[in-house]
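Right, one structure below, let's go through it.
Derivation of every value follows stated rules applied to the coordinates shown; laboratory data play no part. Given the structure is predicted, the values throughout are model-derived calculations rather than measurements. Every residue, glycine as well, gets a Cβ built from its backbone with ideal geometry; the counts of neighbours run over all protein chains shown.
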Amino acid sequence: MEVQRTYVMVKPDGIQRRALGDVIGRFERRGLKLIAARLLRIPAALAQRHYSEHKERPFFGDLVEYITSGPVLAMVWEGPGAVSVARAMMGATDPQKATPGTIRGDLALDIGHNIIHGSDSPESAAREISLFFSPAELCDYPLVEEGWLS
């Protein structure tokens, strides 16, 4: 399986609910490698670019307002099939439909506050990673266990 990079963001409600350790631990235990992370408060202009595909939708303004309402943890994870692996780990966007055992299935109740965002394709991952990180901020390093996970 192709090694990929994917963008994952713990949203303001995940920060407020102190879910960072649980979320990071799930990705680490699954075997993905954290190659970049930054705690930040997203400026409105960056939030609008990040969610640009939703610009014409009626919830766009609320989405931007929410994602800029508090700090987020922006991360880049790497590993075999990282995009689809991360999406499966997150669960359905609507936590009411998310399977128990997924991040949203275990930690979220409301679609408007669903803890986490993740890239939905390799193309989206590349775009989102470039919005939040420069190439120099991506740490390329080997893990001893990588040979056991591929």
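When the Cα centres of the stretch 88-150 and the stretch 4-64 are compared, how far apart do they sit, in Å? What the calculation gives is 8 Å, centre to centre. Cβ crowding within 10 Å ranks 75, 1, 9 as 1, 9, 75, fewest other Cβ atoms first. Annotation: for a label point projected 7 angstrom from Cα along Cα→Cβ of residue 93, residues of the stretch 33-57 with backbone N closer than 14 Å are 51-57. Its relative contact order, with pairs defined as Cα atoms under 8 Å and 6+ residues apart, puts the chain at 36 percent.
When its C-alpha radius of gyration is set against 2.2 N^0.38 Å (N residues), the chain gives a value of 1.01.
In nm, what is the difference between 0.36 nm times the number of residues separating residue 127 and residue 2 and their Cα-Cα distance?
On the way: separation 125, 0.36 × 125 = 45.00 nm, distance 1.84 nm.
The span from residue 127 to residue 2 would gain 43.2 nm if fully extended.
Projecting the Cα positions of 141, 50, 72 onto the charge dipole of the chain (unit charges on Cβ atoms of Lys, Arg, Asp and Glu, taken about the Cα centre) puts 72 furthest along the positive direction. Spin-label model, residue 141 to residue 69: label points 7 Å out along the Cα-to-beta-carbon direction sit 3.5 nm apart. If you take all other residues with their beta carbon under 15 Å from the beta carbon of residue 15, and give Lys and Arg +1 and Asp and Glu -1, the sum is +3. Output the Kirkwood hydrodynamic radius of the stretch 83-150, Cα pairs only, in Å rounded to one decimal. Result for the stretch 83-150 stands at 13.9 Å. Under 5 Å between amide H atoms, partner at least 5 residues away or on a different chain: which partners does residue 4 have, H built in plane at 1.01 Å? Under 5 Å from the amide H of residue 4: 79, 81, 82.
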